[in-house]
Amino acid sequence: MTRPRDKKPLWEPGLIPAPGTLLEWRDSQHFDHWQDRPCVLCDKPTPMRSHYGEPVHKACAENWIPANPAEARLGRFASDLQPKCRHDDDDHA
């Protein structure tokens, strides 16, 4: 399953999760409301999309990372950027 190395992500990815941990895909851009396409890893239909627009099940991507550790470091599948903590919103007494 190839992805052009020079292709830019559609939106900025965050960290690559450690093998065995889950991807944080909370951004709605991961979900295509209009079209299921074959997953690049298992060929079954999915509405999910990677940061590069690849159709991929989140579970397939999470299983692919530990099976391909060298390629995973290149950022094919990554978590979303985490919002910065805003201390002015803290309501702690």
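Go through the range 47-64 and give me each residue that's within 11 Å of the chain's Cα centre (by Cα), closer than 19 Å to P19 by Cβ and either surrounded by 16 or more Cβ atoms within 10 Å (Cβ to Cβ) or of a type in the set (F, W, Y) (or both). Selection gives S50, H51, V56, H57, K58, C60, A61, E62. Every listed requirement among (1) modelled with pLDDT of 95 or more; (2) among the hydrophobic types (A, V, I, L, M, F, W, C); (3) not in a helix (DSSP H, G or I) is met by L10 save one, (1). Any residue at all in the range 21-34 that's among the aromatic types (F, W, Y), surrounded by 15 or more Cβ atoms within 10 Å (Cβ to Cβ), outside any loop (DSSP other than H, G, I, E, B) and free of Cβ contacts under 8 Å to residues at least 40 places away in the same chain? No, because not a single residue in the range 21-34 is among the aromatic types (F, W, Y), surrounded by 15 or more Cβ atoms within 10 Å (Cβ to Cβ), outside any loop (DSSP other than H, G, I, E, B) and free of Cβ contacts under 8 Å to residues at least 40 places away in the same chain. Within the range 35-72, restricting attention to residues that are in a loop (DSSP other than H, G, I, E, B) and of a type in the set (D, E, K, R), the residue that is farthest from K7 (Cα to Cα) is K44.
The values are calculated or read from the model by the stated rules, or taken from the named source; none is laboratory data. No experiment lies behind these values; they were computed from the predicted model shown. Every residue, glycine among them, receives a Cβ derived from its backbone with ideal geometry; neighbour counts consider all protein chains shown.
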